[in-house]
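Q: Dumping the structure here so I can ask a few things about it.
The values are calculated or read from the model by the stated rules, or taken from the named source; none is laboratory data. Since the model is a prediction, treat every value here as computed from it, not as a measurement. FYI the Cβ positions are ideal-geometry reconstructions off the backbone, even for glycines, and counts take in every protein chain you see.
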Amino acid sequence: MMLIAPARAQILNLDGPAAPAPGTSVLAAELIERFTRSADRLDPDAWQNDPDRRALESAKRELRLAGATLAERGNGAGTDGSHLVLAAMTIDRRLEEIDELLTGSNDRALLLALAHDLEELRLNWSRGGEITPAQLDRDLRYAFAQLALLGDRPRPDSAGWILPESLETPSDLDAILARLGEAGVDGETLALLEDDLDRLELMREWPGFVREAQVRSRLIAEAADVLSHIPVWMSEGARNRLVQDFAGAVRSENPEARDAALELIAAQGRVIALLTEMGEGRQGDRLRSRFTAAIADRSTSDTDSLMATQLAVRTLDVSESLSNLQRDDAMLRQLRPTWRRLVPLVRDAMVNARDAAINLIVDPAGVTNPGVLSAIAAQQRLREDFAVIERFSVRFAPGDSPMDKANTAIADRLLAIGQDMNDNDALLEPSLRLMRDLDAELDLWEEIENLREPVSRVIGQRRDDLALRLSNLQNQWLAGWGTPGGLGAGEGVAEDLKVVRDVMLAMADVSAFTDLAALESWPGYEMDQQVRRLITRELTAQIDALAGETIRGPSEISRQRTAAGLVSLRGTFGAALLTGRLARLGESEGLAPTNPIGELGLGPPARDSWMAPHRDALADISWYAAELSRVLVGDPDESEQRTQEVHAHLRWRALRTLEAIERESSN
C-alpha cells in the first residue's frame, strides 16, 4: 500500500549514506528460509481423500510461497523493493492468525480460490518484471479480499491510514447524472457511465473494492456537477471542451488518467464558481473571458493542468476571503490601527493574485514563474496577517485571566506598533514581521501546553522542575513583549522557547512509543519487540540528560548544550522518535487498531490518506530496522561495513522522514 514511483530510493538517497546493496539482506534470507521450510511441511497431495483438508493445505502452502517470493524479489531490488519486503514481513508476523482464519473456514471453494490466486500471483512475481507499489496493492487486494471475509469484517470507515470523511458516497449522484444529457453528454458516454456506476455499486459491496468505489463515485459526481451548472458566460467552445474531457475520462481505461481528468474538471468547476461570484466588473469580465478561452484551447496534459488549476483555486479562494473582510468595529481597540493600515493593500493584492491565478490556467508552466508565484504569495501573506490580527484581538482581550495585566501590556505594545506603521511606511514590513514573530511564538506556547501531559509521563518526578522552568520562561516572555518600545521577547528568550518546545516534542514522541497498538495493526509499518528494544537502547539515559539540561536553563551555554543534545537524540534515535510521532499523528486522526489482513484485503486508500507521501520511507525504515537487529547478532560491535551501512541508512532515512513530516505540519 505504498504510493511511490519506481527508482524512488535511489533518487531520495542522493544526499544521504549509501543504501545497502541489493541481494544482501539477512532479514530477507531469513524470511525466505522460514516461509519455504514451513511450506515444505504442507503437502496437499497427501490429502486426496479429504478435499477439505487438501484445500486448506493448498491455501496455507501458497500463502507461504507467496511470502517467500515477495521477500526474494524485494531483496533483489534493494531499497526499490522495500514495499515487497514489508508485505512479506506483515504476512510473516500474522501467519499464525491467518492460519487460524483458514482453519476455521468451512468454505472449500474459497480456500481453493485463494490458493489459485496466490499461486497465479506468485508465478507472475517470479517472472522478473518490475512490481510497482501500485501493482502490489492490486495484487494483495485481489488475493486477500477473500481472506478478509473469513475473519471479522473490517470497517472501511475506521481502518487504516485513511481519513473517514473522504469515503462518503455522494447521496445525490443519480440526480446529478440525470442532468448530463441536458448538458450535452452524448448517449454512448451516458451508457458507458451507467455501466460504470453499476460496477461501482457492486464494488461498494465488496471489502476489497469499497474504497476505490467510493473515491471514484465522488470524482464522477463532482465532475458531472460541473457540467450540469455551466454558467451562461462560458463560451460554446469551453462548454464543448468540458463535455469532451468528461467523455474522454469515462472512456479511459487508464485509472490514473481517468482520475486526473475528473479531478481537473472538478477543479475547473471551482474556478468557474469563484469567477461567477466576482459579479459584474472590469476585472471579472476580463478574467472570465481569459479563462473561457484557456479552457477551450487547452493543449497541456491533464496532470500539468490539474496542478496549476488547483493552485489557481487556492489563490481565488484566498481572494474571496479577503473580499469579505469584517469591519474593525468588533476588533480589540489596540489592533484597529494595524487593521486599517492593511485594508488599503487588499485591492491591489487581490487584482494581482487573481490575474496570476488565471495566468496559471492559461499557461500551467506558470507554477515555476517567479512573477506569478510572488503575486500569489503576497496575497496569501496579507490574508495571514489579517488572521494574525484577528487572533490577537481574541488572545489579548481583557478578561479574568491571571495574565490579564501582562496581556494588556502586550496589547498596548501592539497599539504602538500599529501606530508606527501608520506614521511611517518604511516601518510597515518590520512591524508586520514583529507581529508574525509573536504569532509564531503563541503557536509554540500552545504546543507546549498540549505536550505537558505526555512529557510528564517521561520525566516522572522532574515534572515539577519542568513546570517551574516553563513558568519562569513564560514570565520572561510576557515581560519582553509587554515592554514599551521593545522588539519582542528578546533573542535569548525566543530561542529558549523554541528549544524547550523541540525537546518536549521529542519527549512526547518517546512517550507515544509505549502504545503502538493502532500503528502496529496497520500493515504499512512493522516493528516487532526485538526491533523496538534495539532502536531504544540507551534512549532513557539520553532523555534524562536532555531533560536535566533543559530544566537547568536559561543560559547561553545550557541552550547550546540542549540544542546539541537534541540533534544527537534525533540523529541517533530517529527511528524511535518517528515511530512515536506516527503513533501520535495516528491518534489525532482517529487511527484505531484493526485487522491487518482485513486492511490488506480492503485495498489501498488511493488518495486522501494522511501519510501517503511517506509510505516508501516507512517501508525502508521497517525493513532496515529489522535488518539491523539481524546483522548485529553476528557483529555486535558494528565493525563490519555491512552493519555500518544498514545502521547509517536507517538513521538517515528515519531522520529525513521525521523532518518531512514536521515540514508538512508547519505549513
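Q: Which members of segment 384-406 meet the condition of being in contact (Cβ under 8 Å) with a residue 60 or more places away in the chain and either over 30 Å from TRP481 (Cα atoms) or not in a helix (DSSP H, G or I) (or both)?
A: Scanning segment 384-406 gives PHE396, ALA397, MET403.
Q: Name the residue, out of ARG436, ARG463, ARG457, that is in contact with a helix residue (DSSP H, G or I) (Cβ under 9 Å, 6 or more places away or on another chain), closer than 26 Å to ARG552 by Cα, touching a residue at least 24 places away in the same chain (Cβ under 8 Å) and among the basic types (Lys, Arg).
A: ARG457
Q: Are any of the residues in segment 455-478 within 30 Å of the chain's Cα centre (by Cα), aromatic (Phe, Trp, Tyr) and in a helix (DSSP H, G or I)?
A: No, that holds for no residue.
Q: Within segment 117-133, how many residues turn out to be surrounded by fewer than 19 Cβ atoms within 10 Å (Cβ to Cβ) and either closer than 14 Å to LYS60 by Cβ or among the aliphatic types (A, V, I, L, M) (or both)?
A: Within segment 117-133, residues that are surrounded by fewer than 19 Cβ atoms within 10 Å (Cβ to Cβ) and either closer than 14 Å to LYS60 by Cβ or among the aliphatic types (A, V, I, L, M) (or both) number 2.
Q: Also, quick follow-up: Being exposed (fewer than 14 other Cβ atoms within 10 Å of the Cβ) and in a helix (DSSP H, G or I) is the filter here, so list the residues in segment 612-653 that pass it.
A: Passing the criteria: VAL633, GLY634, GLN641.
Q: Continuing with this model, one more query. Given the options GLY16, GLY76, name the one that is at pLDDT 95 or above, more than 20 Å from TYR525 (Cβ to Cβ), within 31 Å of the chain's Cα centre (by Cα) and surrounded by fewer than 22 Cβ atoms within 10 Å (Cβ to Cβ). Quick ask: steps written out before the conclusion?
A: On the way: GLY16 fails: at pLDDT 95 or above.
One residue alone meets the criteria, GLY76.
Q: Where the second residue is crowded, with 22+ Cβ neighbours inside 10 Å and among the hydroxyl-bearing types (Ser, Thr, Tyr) and the first is in contact (Cβ under 8 Å) with a residue 24 or more places away in the chain and farther than 20 Å from ARG94 by Cα and lies in segment 54-80, which pairs have Cβ atoms under 8 Å and are six or more apart or on separate chains?
A: Sorted first by the residue in segment 54-80, then by its partner, the pairs are ASN75/SER25.
Q: Take THR315 and decide whether it is surrounded by 14 or more Cβ atoms within 10 Å (Cβ to Cβ), polar (S, T, N, Q), under 29 Å from the mean Cα position of the chain (by Cα) and under 30 Å from VAL394 (Cβ atoms).
A: Yes.
Q: Given the criteria in a helix (DSSP H, G or I) and either within 26 Å of the chain's Cα centre (by Cα) or of a type in the set (Ser, Thr, Tyr) (or both), does ARG381 qualify?
A: yes
Q: In the set GLU495, GLU526, GLU491, which member is modelled with pLDDT under 95 and crowded, with 21+ Cβ neighbours inside 10 Å?
A: GLU526
Q: Would you be able to say whether some residue in segment 495-514 is more than 30 Å from LEU31 (Cβ to Cβ), aliphatic (A, V, I, L, M) and not in a helix (DSSP H, G or I)?
A: no
Q: Being under 20 Å from LEU577 (Cβ atoms) and small (Gly, Ala, Ser) is the filter here, so list the residues in segment 621-667 that pass it.
A: If the condition is that a residue be under 20 Å from LEU577 (Cβ atoms) and small (Gly, Ala, Ser), then SER622, ALA625, ALA626, SER629, ALA648, ALA654, ALA660, SER665, SER666 are the ones that fit.
Q: I'd like the residue in segment 244-292 that is of a type in the set (A, V, I, L, M, F, W, C) and surrounded by fewer than 19 Cβ atoms within 10 Å (Cβ to Cβ) and, out of all such residues, is nearest to GLY187 (Cα to Cα). Working first, answer last.
A: Filtering segment 244-292 down to residues of a type in the set (A, V, I, L, M, F, W, C) leaves 246-247, 249-250, 257, 260-262, 264-267, 271-275, 278, 287, 291.
Within this subset, residues satisfying the condition of being surrounded by fewer than 19 Cβ atoms within 10 Å (Cβ to Cβ) are 257, 273, 278.
On the way: ALA257: 22, ALA273: 27, MET278: 35 Å.
The extreme case among them is ALA257.
Q: Another question, if that's okay. I'm trying to understand the selection: among the residues of segment 365-386, which are at pLDDT 95 or above, crowded, with 20+ Cβ neighbours inside 10 Å and farther than 22 Å from SER431 by Cα?
A: VAL372
Q: Any idea how many residues of segment 340-363 are closer than 24 Å to VAL388 by Cβ, charged (D, E, K, R) and surrounded by 15 or more Cβ atoms within 10 Å (Cβ to Cβ)? Explain how you work it out, then say what you get.
A: At the first step, the residues of segment 340-363 found to be closer than 24 Å to VAL388 by Cβ are 340-354, 356-357.
Subset that is charged (D, E, K, R): 340-341, 347-348, 354.
Add one more test, that the residue is surrounded by 15 or more Cβ atoms within 10 Å (Cβ to Cβ), and what stays is 341, 354.
Residues flagged as closer than 24 Å to VAL388 by Cβ, charged (D, E, K, R) and surrounded by 15 or more Cβ atoms within 10 Å (Cβ to Cβ) within segment 340-363 amount to 2.
Q: Mind checking which residues of segment 177-186 are surrounded by fewer than 16 Cβ atoms within 10 Å (Cβ to Cβ) and touching a helix residue (DSSP H, G or I) at 6+ places or on another chain (Cβ under 8 Å)?
A: ARG179, GLY181, GLU182, ASP186
Q: Restricting to segment 533-561, name every residue that is in contact (Cβ under 8 Å) with a residue 24 or more places away in the chain, assigned to a helix (DSSP H, G or I), over 15 Å from THR572 (Cβ atoms) and not small (Gly, Ala, Ser).
A: Of everything in segment 533-561, those that are in contact (Cβ under 8 Å) with a residue 24 or more places away in the chain, assigned to a helix (DSSP H, G or I), over 15 Å from THR572 (Cβ atoms) and not small (Gly, Ala, Ser) turn out to be THR550, ILE551, GLU556, ARG559.
Q: Give the residue, chosen from THR303, THR309, that is under 22 Å from the mean Cα position of the chain (by Cα), surrounded by fewer than 21 Cβ atoms within 10 Å (Cβ to Cβ) and polar (S, T, N, Q).
A: THR303
Q: Mind listing just one residue for me: the one in segment 585-603 that is part of a helix (DSSP H, G or I) and crowded, with 19+ Cβ neighbours inside 10 Å and, of those, modelled with the highest pLDDT?
A: So, considering only residues that are part of a helix (DSSP H, G or I) and crowded, with 19+ Cβ neighbours inside 10 Å, the one modelled with the highest pLDDT is GLY586.
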